[in-house]
Ligand SMILES: [Zn+2]
């Protein structure tokens, strides 16, 4: 039986399971009455879907590799700004910047993939204690 190394509680669950259970999707329907300018009373209804995530589920969310996206965006903006300032033209700089940004993002993704895969593997082994909130690897 697995128990928490911090408080000894047996109320532990895998982070993955806590995360999946903490996300709730549901549909809602609401209605309201209104009065039109001509004095008629009507009924208006609306419906949709909502996605909610609990604070605990957020703490147990899987790791995301958002570095390539950030690097790509930064490169794209830099080249566009520099190109526009140096009279290369805004649209041309935007296009060239986009291509270079894609390459920069791909290189970053390649360089960070090993570390990210290690994080993902750790996540698979991460457990969460519902008693004290501790997270630990097994
Ligand atoms: Zn605990």
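Of everything in segment 121-138 that is exposed (fewer than 14 other Cβ atoms within 10 Å of the Cβ) and under 19 Å from the mean Cα position of the chain (by Cα), the residue that is farthest from the ligand (Cβ to nearest atom) is 121. When the strands (runs of 3 or more DSSP E) confined to segment 1-105 are screened for residues that are within 16 Å of the ligand (Cβ to nearest atom) and surrounded by 10 or more Cβ atoms within 10 Å (Cβ to Cβ), those reaching at least 1 such residues are found at 12-14.
Selection of first residues in segment 122-138 that are in contact (Cβ under 8 Å) with a residue 60 or more places away in the chain and within 12 Å of residue 10 (Cα to Cα) and of second residues that are more than 8 Å from the ligand (Cβ to nearest atom) and not in a strand (DSSP E or B), restricted to Cβ pairs under 7 Å at least 6 apart or on distinct chains, gives the following pairs, ordered by first then second residue: 127/2; 127/15; 127/138; 128/15; 128/18; 128/60. The one condition from (1) in a helix (DSSP H, G or I); (2) farther than 30 Å from residue 1 by Cα that residue 119 does not meet is (2).
Read-outs: derived from the displayed coordinates by stated rules, not from any lab. Given the structure is predicted, the values throughout are model-derived calculations rather than measurements. Methodologically, a virtual Cβ is constructed for each residue, glycine included, from the backbone with ideal geometry; neighbour enumeration extends over all protein chains shown.
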